[in-house]
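The values are calculated or read from the model by the stated rules, or taken from the named source; none is laboratory data. Treat the numbers as computed from the prediction; the structure is a model and nothing was measured. No Cβ is skipped: glycine too gets one built from the backbone with ideal geometry, and neighbour counts run over all protein chains shown. In case anyone asks, the SASA skips ligands and DNA or RNA and just uses the protein heavy atoms, side chains included. Shrake-Rupley method; radii C 1.70, N 1.55, O 1.52, S 1.80 Å.
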Amino acid sequence: MPGKLKAKIVAGRHLPVMDRASDLTDAFVEVKFGNTTFKTDVYPKSLNPQWNSEWFKFEVDDEDLQDEPLQITVLDHDTYSANDAIGKVYIDIDPLLSSEAATVISGWFPIYDTIHGIRGEINVLVKVELFNDLNRFRQSSCGVKFFCTTSIPRCYRAVMVHGFVEELVVNEDPEYQWIDRIRTPRASNEARQRLISLMSGELQRKIGLKVLEMGGNAVVGYLQCFDLEGESGLVVRAIGTACTLDKLSNTYTPATAINPCNSSPSKDIKDSPQAVPSALGCRSTHSSPVHSASSRLSQGFSVSVPTLLFAGMGSGGSAGKEAGPLKALLRQQTQTALEQREFPFFTLTSFPPGFLLHVGGVVSARSVKLLDRIHNPDEPETRDAWWEEIRQEIKSHAKALGCHAVVGYSESTSICEEVCILSASGTAAILSSRFMQDSALDTEHRFEDLMSPGCAFCHIPYDELNMPFPAQLTYCHCCRRYKVPDVLFTTIDLPTEANVTGKGCLIQARLCRTKKKAQGEGNATAISNLLPFLEYELHTQLMNKLKLRSMNALFGLRIQISVGENMLLGLASATGVYLTALPSPGGIQIAGKTPSDITYEQHISNMQKKINDTIAKNKELYEINPPDLVEEVIGSPIPEPRQRSRLFRSHSESSDEVSELDLSHGKKDAFVLEIDDTDAVEDIHSLLTDAPTPPGFYSCNTEIMPGIYNWTSALQMFTSVRVFRLSNVNLTNQGLNKVFNDLCENLLKSLYFKLRSMVPCCLCHVNFTVAVPEDELIQVAVTAVAMSFDKDQTQENGRQSIDKNLMKAITENEDQLQFPLELSAESSSNPLNSAKGLSEVSGPLPSARAPSVDYSSFTDRCSSWIEQLRLKAHTIRCGSIKTMSSLEKASPLPEGRSRSLRSNRSYAGSSVTVVKMTPLSFIPGTKIIKYLGIINMFFIRETTSLREEGGVSGFLHSFIAEVFAMVRAHVAALGGNAVVSYNMKECVFMENPNKNQAQCLINVSGDAVIFVRESELEATPPQPHSASAQTSSSGEGT
Amino acid sequence: MRRMSMELDVFVGNTTIIDEEVYQLWLDGHSVSDAVRMRLESDALSECEASGEVLHSDTMDQYRTFQMCERLLHCPSKLANQLLFQIPAHRQAMLIERYYEFDHTFAREVLGKKLSKGTKKDLDDISLKTGVALKSCRRQFDNFKRVFKVVEELKGPLVENVQHHFLLSDSLARDYAAVVFFANSRFETGKRKLQYLSFQDFAFCAGQLISYWTVGAVDNMMEDMDVDLEKEFLHDLKDLKVLVNDKDMLDQHKSLVCYQLKGKIKAFSEMEANFKNLSRALINIASKLTNTKDVRDLFIDLVEKFIEPCRSDKWTVGDLTLFLTHYTSTAHTLEMFRFQILWERYMGVIKSCILKMYHD
């Protein structure tokens, strides 16, 4: 008997009137866990009952504790007929199972009914007593902490990063069971909610077991998704990154607690070149009493990782089954997590300093499958096999890029009828082994040593003579020692240490393609055939838009392909930045087809002028003023018109030999857009129609906006959903494109307008999801957070205030002399032979890779586009000196704002805790002091009186508000005051206006936390800042 | 050509966004399309370059939010502990205050009427007459009714009750107290002769009556209601008749007043000539107040019997002030007059009411 769950029902309030005659309610409560049910007494004739019940005790296995939610049902007692249900509350008790999370759940929960929405609130107390050492129980994994956050949570330290964990469970969807024909919608919805809750619990428990097996104690970047496969079932799957986390002791000052890079003046450096950058980087940090440098640091660091990996590459570039390339490494480091895991994948998007060495580029794989009924829910082998296949492919792509790991990894599906597109994407990368092995590193000092310089991650990891795809390489503009690509696409967040010029912005590529309606295999074939074109076009658009903004790198790239009956939607979102290390992008050159025609010429030159103007304007807008580089010979700026292959029209990776040569020494290349057909004209138009963000607004889909550091504490998380009906059925591709494009643009415009009071402000973590819920419907949902920043402060000030600890480490690091890392990368003649890898990497062409013979599962992979780097070290002073003015300067404003928010009128016995929600992993100006557990909630709402509820908009508006309310209530009951890494993973909306009905499913997740304002933490203002003596110029560069 | 139509369009913030300008448009009873037009025309938004489409979407969202909040606004204390909308406390206060604010022109029409269905039917006419949109009239009327219903049966000070239950500002709570008080006592305010009086005039008078003539006025304990005038007091007022019935006393009173005012007021001769009539008028009003019907006619009586004669004699406000001051104070020096406290309580209110009502 490993645990006792105790629940107490205290009171209710704002209950609905259930008895029309008396305008009152005779309420009582059923408390159910597993198969045990308790009841409170009936509290007669009140809308605010005070049950004050005894403690209901459930003696249960901890396995059940993990799987089952506590189910609380509020009913109205009726002497003569059946009792009417008022509504339910499901409480996930998982947070109580971890000693470091919440200890009690206590508070007001909205009473939720799937038909009527929120109907009053109930006050509940829940506690858990665990009896035994839980580690002895095989089936449960109590105590493993889960985090949605895709970085190491703020008050923890990574001791080890074990690697990828995944699991999926399947079941029949209650909505499609025969019994659904005879039961009420309410019963059906509740069955579904409960089932998904159970499945989530089970999934989490199973993943927890895997983590324990690996020796970890936490899952970071936990992403759980549902696939509503309709007739064929319900799949709940999750991926995450297993870690061993150490809670940072609270005795640290906040600054040092997170600060990964403390003072380590170091003579050892020279002895251990690998560790050098960091060690130096630390020299100027403010005095940190806690750590001092240690020579041990460098000893543990294994340079051999990449080297051996490269060797491994040679052995088998093909879709090698196992972690072959790692074998050599493994021999050395038997504990390495990479060995244990079949897939060296990481769902993290930002990393402890020194973890991410080099980035290769985006790798992605898609596969089109035909769904069939899941016959045996206990053996979800088919689904497992599908994902296995995709992951293998991702792995081989990464190898082709000379990388041994994939970071920022995520998986998704799009389902339409019986066709399902599985997608996976990530960023190929080379990681330091430091967090992947147990031994050798003194954990106390783990963080201190290596700090990669602001440009190292851009250096290509692959062999320049054997590039996996055509790309133009130049010497790094920061260190000038190692090669960098001309553009870099990644799915991760901008590394905090990255040197960026100017500000970034949200870049989206949008595409709509019609598709003939078809069934079964035919449909799947049609889709697989379309996919490569879709991806290629999206890529082209991204590239064009990137150039138009005069930027050279994309972060947080997320491509969503959504399939409908008669169309495919593609939406790629990313944050464009100008990486100082990468070459300045050339302009965009338009080339006409028939140069003889004068009017045509004129047209072309007009367009060219427009484009040039836009580029100039954007440069100003995003403050992109890269230091002039002298070293490059200004060569022929514009390559000769190239072959007119449509596919290569505007592709940077164009493999035109001649231009390649031109470009290689003429860095000021232009990007040629050839106008050879109407499509191209459209493209250019769409390129220019993206409305600029209004003054005072910035936007990005990453955690942090490069170039903005001085956030205030004003933030507003929001969700906006739009559904458009295409009334003209016979739209062309171009027509559809325009519609879709306008849709997204208008949505953004509306957001800017709504949030105008927050200016200057940045929309961060802008997350678009598109869907085709019905034939002529397009649904776009956006979740993001608007954060105000303080315009007047200097960048440096702000930079401190945002996340001063981390930042500090970095800014200072930039200043340092970097010694070369002697990694033998270049020697690793990296035979990227893998025919497969190559073809997929470079091949936008759908090519001959016919959908596999096995018709039950069509696969077509379109592959990866890729951008890259190189492993090498570098010297050079790339940062410069910074002014570090006191942190406190940054705080007055946020503080002021927060105060005004709090200013209560005396009356407001405001019993409701304010709970902030944000998709980011942090809240500016605050420090997270405790993670209370994961929030993972699934709700269904249905109505049969759509018009009365204000139509579809009224219905969804209140449902979303209700979901927010329930999330906030759960967080508050756990004792928290914020949700970080909030994500609305699913919003499935279905309507039938003719029947006056609608149904919506929403799935949200996040981490419940307690934060405190930094201003409150640091009662003693001016912190000694040894660094403040330094002067500065932010323009890194030489 | 519009190739598509918006099927659904919502925006939900974790902190509920409230645009005060749109809120006012909603409160004023404008339709969405009217509101969009007005916002397009307003200067405030010109710098945002918002298109009609954007404004329409925003206005719809806001209107929906307000509609959802309205249920809560009916019981403002719920707004503070509901979970559905996260609204900072000061914004909650704004929402409530604005929701309960009313047009004085509208209130003037309803003042003293029974807050019943019958009156509700008259709202069309009131809307036409005052130019306040019917929707807005309905909201305001319903607010009156709601406040009335809640406060009617409560013990303790009226203003505080309103404030406590509806979380309103002090001044707004006072206005509501006036409305409730008038509705409860059904004071006549609709007569043509009373048309020149504004809501503010009446609200002031109501404040005076509430402060000095109700049970709560003398007894601070929360025992009785503040809504009704103190019966005992009204009954005692009959005793004041002595001031006009006793000829000696009347003469003595007159001479004392004349002595005090001689040379100080312009309308002295008129006053001297009219003193007995004026005094009789005030005392008669006092003595009749036991009768509910006469209580209702308090204001019309004051106007007809006192204010109009003074006005026709062209008394200035200064004259009137001096007269009432000395009229009140000299009574104390009358040897035979024993009702000093009663007199003070009566005349204090009457004096300030008359002075408030004495204008064109």
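For the reader, a short list of remarks on this structure follows.
- Selection count where residues are more than 18 Å from the chain's Cα centre (by Cα) and either under 17 Å from B:Leu111 (Cβ atoms) or among the charged types (D, E, K, R) (or both), scope segment B:139-154: 1
- Checking each residue of segment A:889-897 against the condition of being at pLDDT below 90, hydrophobic (A, V, I, L, M, F, W, C) and surrounded by 23 or more Cβ atoms within 10 Å (Cβ to Cβ) gives at least one match.
- Of all the residues in segment A:936-977, those that are of a type in the set (Val, Ile, Thr) and open to solvent by 30 Å² or more (accessible area, probe 1.4 Å) number 1.
- Scope segment B:308-332; condition open to solvent by less than 50 Å² (accessible area, probe 1.4 Å) and of a type in the set (D, E, K, R); matching residues: B:Asp313, B:Asp319
- For beta carbons closer than 7 Å, sequence separation of 6+ or different chains, a first residue in segment B:230-256 that is open to solvent by 60 Å² or more (accessible area, probe 1.4 Å) and a second that is among the polar types (S, T, N, Q) and assigned to a helix (DSSP H, G or I), the qualifying pairs are B:Lys238/B:Ser287; B:Lys241/B:Ser287.
- Qualifying positions in segment A:401-410 - of a type outside the set (Ser, Thr, Tyr) and open to solvent by 10 Å² or more (accessible area, probe 1.4 Å): A:His404
- Residues of segment A:718-770 classified as at the interface with chain B (Cβ under 10 Å from one of its Cβ atoms), closer than 30 Å to A:Lys517 by Cβ, part of a strand (DSSP E or B) and aromatic (Phe, Trp, Tyr), total: 1
- Applying the condition of being assigned to a helix (DSSP H, G or I) and basic (Lys, Arg) to segment B:322-360 and asking which residue is farthest from the chain's Cα centre (by Cα) yields B:Arg345.
- Considering (1) under 18 Å from the mean Cα position of the chain (by Cα); (2) facing chain B (nearest Cβ under 9 Å); (3) of a type outside the set (S, T, N, Q), the lone condition that A:Gly954 does not fulfil carries the number (1).
- Of everything listed in (1) open to solvent by less than 70 Å² (accessible area, probe 1.4 Å); (2) of a type in the set (Gly, Ala, Ser); (3) over 25 Å from B:Phe182 (Cβ atoms), the single unmet condition for B:Ser352 is (3).
- Some residue of segment B:279-287 being surrounded by 19 or more Cβ atoms within 10 Å (Cβ to Cβ) and in contact with a Gly (Cβ under 7 Å, 6 or more places away or on another chain): no
- Spans of strands (runs of 3 or more DSSP E) in segment A:1-101 with at least 1 residues under 12 Å from A:Ile122 (Cβ atoms), touching a residue at least 24 places away in the same chain (Cβ under 8 Å) and not small (Gly, Ala, Ser): A:3-13, A:27-33, A:69-76, A:84-92
Per-residue answers, yes or no, for (1) open to solvent by 30 Å² or more (accessible area, probe 1.4 Å); (2) of a type outside the set (Gly, Ala, Ser); (3) under 21 Å from the mean Cα position of the chain (by Cα):
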| residue | (1), (2), (3) |
| --- | --- |
| A:Tyr698 | yes, yes, yes |
| A:Tyr709 | no, yes, yes |
| A:Asn733 | yes, yes, no |
| A:Leu736 | no, yes, no |
| A:Val766 | no, yes, yes |
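- Residue in segment A:969-979 that is touching a strand residue (DSSP E or B) at 6+ places or on another chain (Cβ under 7 Å), within 13 Å of chain B (Cβ to nearest Cβ) and either among the aromatic types (Phe, Trp, Tyr) or assigned to a strand (DSSP E or B) (or both) present: yes
- For segment B:54-86, filtered to residues that are touching a residue at least 12 places away in the same chain (Cβ under 8 Å) and in a loop (DSSP other than H, G, I, E, B), the residue that is farthest from the other protein chains (Cβ to nearest Cβ) is B:His74.
- Residue within segment B:333-344 that is buried (at least 18 other Cβ atoms within 10 Å of the Cβ) and either within 15 Å of B:Leu278 (Cα to Cα) or not hydrophobic (A, V, I, L, M, F, W, C) (or both) present: no
- Inside segment A:367-397, residues that are of a type in the set (Val, Ile, Thr) and modelled with pLDDT of 85 or more make up a count of 3.
- Lone qualifier among A:Ser423, A:Ser452, A:Ser364 - being open to solvent by less than 20 Å² (accessible area, probe 1.4 Å) and at pLDDT below 75: A:Ser452
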